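The next block holds one structure in the form of C-alpha cells; read it before the comments.
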Amino acid sequence: QVQLGEAGGGLVQPGGSLRLTCAAAGRIFRGDVMSWYRQAPGKQRELVAAIGSGGSTNYADSVKGRFTISRDNAKNTVYLQMNSLKPEDTGVYYCNAHRTWLSVRDYWGQGTQVTVSS
C-alpha cells in the first residue's frame, strides 16, 4: 500500500550538511513509526533515527545532537536533517515505515547514497 522513495543524498565534505527526504506514494498513517536506517560498506544495517506517532524521537548515540528526524503526515513525507557530517556517516540510507494497524507491515525505500569525504 505504501511505496517509499528517498532523495537528497550525495557527496559532502566533513562538517557539511544534507537533508534527506522520504516521499510516500501512499498514505503514511499517524500510527506508523517512521525510521531512517543506514548501511556502511561491509557493515550491518543500523537504526539512525525514528519518530513515533506522537512525535517522539529516538536517535543512535553516534548521531545525537547532529541529526534531526521529522515527519509531515499530510504531505506523506519524512525528513532527516544531517549536520556536522563525519566520514563515519557514509553509507546507504534507507527510509522505513513500520505499521501495526490491523496487521504488521514494513515498507522500505530503495536507499540513497551519502558519502562524506574531503
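The values are calculated or read from the model by the stated rules, or taken from the named source; none is laboratory data. Source: prediction; values computed, not measured. Neighbour counts are summed over all protein chains in view; Cβ atoms, including those assigned to glycine, are modelled from backbone coordinates with ideal geometry. These area figures cover heavy atoms from the full protein model, side chains too; ligands, DNA and RNA do not enter into them. Shrake-Rupley method; radii C 1.70, N 1.55, O 1.52, S 1.80 Å.
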Neighbours by Cβ (under 8 Å, 6+ apart or cross-chain): first from segment 64-90, within 17 Å of VAL116 (Cα to Cα); second surrounded by 13 or more Cβ atoms within 10 Å (Cβ to Cβ) and modelled with pLDDT under 95: none
Selection count where residues are in contact with a Pro (Cβ under 9 Å, 6 or more places away or on another chain) and among the small types (Gly, Ala, Ser), scope segment 77-118: 4
Complete set of residues in segment 15-30 that are small (Gly, Ala, Ser) and either under 18 Å from PHE67 (Cβ atoms) or surrounded by 13 or more Cβ atoms within 10 Å (Cβ to Cβ) (or both): GLY15, GLY16, SER17, ALA23, ALA24
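Table: residues versus (1) open to solvent by less than 80 Å² (accessible area, probe 1.4 Å); (2) under 12 Å from the mean Cα position of the chain (by Cα); (3) under 17 Å from ALA23 (Cα atoms).
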site	(1), (2), (3)
SER62	yes, no, no
ARG71	yes, yes, yes
LYS86	no, no, no
VAL92	yes, yes, yes
LEU102	no, no, no
TYR107	yes, no, yes
THR112	yes, yes, yes
Selection status of ALA50, surrounded by 15 or more Cβ atoms within 10 Å (Cβ to Cβ), farther than 14 Å from GLN3 by Cα and under 12 Å from the mean Cα position of the chain (by Cα): yes
Strands (runs of 3 or more DSSP E) contained in segment 6-118 and holding at least 3 residues touching a strand residue (DSSP E or B) at 6+ places or on another chain (Cβ under 7 Å) and on the phi > 0 side of the Ramachandran plot: none
Residue that is hydroxyl-bearing (Ser, Thr, Tyr) and touching a helix residue (DSSP H, G or I) at 6+ places or on another chain (Cβ under 7 Å), where the choices are SER117, SER103, SER70: SER117
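Step by step: first the residues of segment 65-77, then only those that are at pLDDT 95 or above and touching a Ser or Thr at 6+ places or on another chain (Cβ under 7 Å), then the one that is farthest from VAL33 (Cα to Cα). Which residue is that?
ARG66
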